[in-house]
1. Looking at A:491, A:449, can you tell me which residue is among the basic types (Lys, Arg), touching a Pro at 6+ places or on another chain (Cβ under 7 Å) and either assigned to a helix (DSSP H, G or I) or touching a residue at least 60 places away in the same chain (Cβ under 8 Å) (or both)?
2. Considering only residues that are in contact with a Ser or Thr (Cβ under 7 Å, 6 or more places away or on another chain) and more than 22 Å from residue B:219 (Cβ to Cβ), which ones fall in the stretch B:299-333?
3. What are the residue pairs meeting all of these: first residue in the stretch B:122-142, first residue more than 12 Å from residue B:196 (Cα to Cα), second residue β-branched (Val, Ile, Thr), Cβ atoms under 6 Å, and 6 or more apart or on different chains?
4. Residue A:9 passes all but one of (1) touching a Phe, Trp or Tyr at 6+ places or on another chain (Cβ under 6 Å); (2) more than 26 Å from residue A:393 (Cα to Cα); (3) within 14 Å of chain B (Cβ to nearest Cβ); which number fails?
5. I need the full set of residues from the stretch A:7-38 which are under 26 Å from residue B:64 (Cα atoms) and assigned to a helix (DSSP H, G or I), in order please.
6. Filter the stretch B:162-189 down to the residues that are farther than 18 Å from residue A:331 by Cα and among the β-branched types (Val, Ile, Thr), then identify the one that is farthest from the other protein chains (Cβ to nearest Cβ).
7. Just one of (1) modelled with pLDDT of 90 or more; (2) under 28 Å from residue A:52 (Cα atoms) trips up residue B:254, so point out which.
8. Residue under question is residue B:66, and the condition is that it be within 18 Å of residue B:38 (Cα to Cα) and modelled with pLDDT of 90 or more; does it hold?
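The values are calculated or read from the model by the stated rules, or taken from the named source; none is laboratory data. All values derive from a computational prediction rather than experimental measurement. Ideal geometry is used to build each Cβ from the backbone, glycine not excepted, and the neighbour counts take in all protein chains shown.
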Amino acid sequence: MTALWDFLTVFTQPQLLLLVGLGTFAGVYVGAIPGLSVTMAVSILISFTFSWDVYPAISLMIGIYMGGVYGGSRTAILLNIPGAPSAIATALDGYPLAKRGEAGQAIGVTTVMSFIGGFVGIGVLALAAPLVSDFALRFQPRDYMLLAVLGILLVGSLSQGSLVKGIFAGALGIAIGAVGRDPLTFTERFTFDLQIMTGGVSFIAVMIGMFGVSEALLQLHHVDKDAVRQKITRIVPSLSTVRKHLPLSLQTSTIGVVIGALPGTGGDIAALMAYDHAKRVTKNPERAFGDGAMEGLVAPETANNAAVGGAFIPMMTLGIPGDAVTAIMIGALFIHGLNPGPMLMIDQPDMFWFIVGALVTANIFMLIFGLTGIRLFTKIVEMPRSVLIPLIMLLSIVGAYAVNNSLTDVYWMLGFGVFGYFMRHYGYPLGPVILGVILSRLLDDNWRRAIISEREDFWRFMGGVVSSPLSLTLLIAVILIFVSQTPLWSRGKARLFRKKES
Amino acid sequence: MNKFILGAISALTLSAGAALAEYPEKEIQGIIQWGAGGSTDTVMRSVTPHAEEALGGTIVMQNMTGGVGAIALNHVADSDADGYTLLMGAENPLLYKVMGLGDKDYSDFTPISILARGTPMLVANVDAPFNDYAEMMAYIKENPGEVRFGATGPGGLPSVVTGMITSVEGGLDVISVPYDGDGPALTALQGGAIDVMPAVLGAAIEGIRAGNMKPLAVFDVEANAKLPDVPAVTSFNDGYSTYLPWGPFFGVFVANGTPDDVVAKLGAAYAEGAKNDEFIKLMDDRGFTMMGISGQEAQDFLTKWQQGTTWLLQDAGLTKASPEDFGIARPGE
């Protein structure tokens, strides 16, 4: 009963309700601007809300978090520039929809699906948090490594067109991710003794450059062409559309919660994995993936919002952050005199239910703010290109600078922008590059941790993989997915099914 | 002409005098060396608002990560030494030179305040086949090269602690598994990926309270008030008294050459801020020992810390360059 009361705290106090709403509203717009991240917004808020009580401070942060994760999809759909790494997969099918003049519909579906995903995440947090965190703790370095390998196999689904070019792009991404001081031994890699290289290449700068600047350069070819008129008659998706995608959205939400709850992975990887999953299970999409398939929007958007609830699971049960934002929130709780950790749920159960309540509220606000103001947003893409292109450039530069307040990042961003333009020009997909950069460290660090833990003995390592059910499952998944992408699979399948059909 | 120069000089001194009198006349930038949500970040973000009040100015904090903190350090060192850019850092810059991570350290800075210091300790996975420091050492002797220790890279707290163990016990044959920081390593400890982790007390205390990890020993000369039942490592082997007490610390710095009255003003503000009850409670909850030293006292503390730690790492064979090369004297010499 007290739990219910704590859960309802936000609804009963107008001040908190207002703060969650304000946070969500700000989050949608902060998230939509590439380079302005939720992490940044929340860390600024820590100083800002220092003298407040803990409830209002957390309310505002949760609002920004929920809104920000959703907001990343806006620019991904409208401009092909993901506002945040977790919206990369959204751009793949969202932008083709905007090019057809269906941006309004795409945003509508995205909003409703983010809402559903958000609820699944919160639901799991509320009902099964200890269970999920036990499971997440069981992931050993070798399991993270296998997960990264599984992620790298997504190159197949992210490469539209030539797989060879996709593999090249993915490998390039992995190499970019390895630049700088190696985080485990601080040895310099690919730095060529240049001071500028030792800090590594900011992954956000690569993302903004590859998507934002290259898009602007590409559009220069058609600077005279009229902008696509957007149909905004139907924004809220019909009930039948939602119902049709419900099974898929529940599956991808589950992916989102689990990946989000793992301390080493977050919404970006979850969204890409969900996209891949959707591509696998959708037998006959109305439109091909990469061409504006609704499933390609549903999957990443449910997954990245479900990952929000997921990220809170280890934070609330163990005091371990599920991602960068929850890491800052743990710091905020400390500053406000609480001791986040495994005892928090026992010492202060009210905090847990309050956070669940605030998340639910933020999710509802996200739906409201998401479905209103779309008309205004779609006007952005209807702007003449002569205005839009400089605007994209401006946003990209500001965004790249803001990540680390570093001018170096702006140079990287511009460099990768030009490079990305040529890659696109010659039909190299950009998705795998970003995927490679994201997974580079996950793969590299955990492979080394895993093999070091086994005294650098490969067979001992394999023994460990085979004797752990979790590792074994992941290994089998890796093998299956790998084989399913080779001609061997279709030939085998053809032989197997031929008899039955005849 | 002479008149002009005289005029210019007097104008300059006048304006300079005015600027000093009014410090701070604009926003002060606080550069935090580590990421948001970490220990340094938490400490700085909780003390600074109180220091701002005492100073009567605004300090805008921002995290500048990368290069094990060297990027932030170089940024502040390259900024004007006018007291408008503060470095909010931890202990590791003192090891940059010997670790080959950079050519600057706190000798290029003037300490405003060394706020607090942490206490290291050894924690183990709950299922580990040993329950205290002595049992752990015995187990390692019986099973050489099998126990997994968490690490955070060269120069990190775990490397110093294992360096101490190596020196005092004459060897430590374990597997050292590197992680990004003590947070991820303690997570791995609870999941069983590593068996033992040398960590700062504040990071481990909640996990110990919940029974998710077990304490083996506190690396100090006496038990800690936060964990009175955990024995000090000196009670197992007195050889540790040579190196202890030792611990990571947090401090606020400005570049050398900052006017003395600005240093004094900032020092007074942080000294006042560190007296705040909420801040003291926060530090106490996390098991940090308040220090609040500045001026020559802080300078001496830094010198002693650097001498002890660099030579310890040098003797354990963990350094890239000898402390001698940088004029860091062996302790006691």
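1. Result: A:449 is the single residue among A:491, A:449 that is among the basic types (Lys, Arg), touching a Pro at 6+ places or on another chain (Cβ under 7 Å) and either assigned to a helix (DSSP H, G or I) or touching a residue at least 60 places away in the same chain (Cβ under 8 Å) (or both).
2. Scanning the stretch B:299-333 gives a single hit, B:328.
3. Here the result reads none, with nothing in the stretch B:122-142 linked to a residue that is β-branched (Val, Ile, Thr).
4. With (1) touching a Phe, Trp or Tyr at 6+ places or on another chain (Cβ under 6 Å); (2) more than 26 Å from residue A:393 (Cα to Cα); (3) within 14 Å of chain B (Cβ to nearest Cβ) applied to residue A:9, the lone miss is (3).
5. A:23, A:26, A:27, A:28, A:29, A:30, A:31, A:32, A:38
6. That would be B:168.
7. Status for residue B:254: all satisfied but (2).
8. Numbers: within 18 Å of residue B:38 (Cα to Cα): yes; modelled with pLDDT of 90 or more: no.
So residue B:66 does not fit the description; no.
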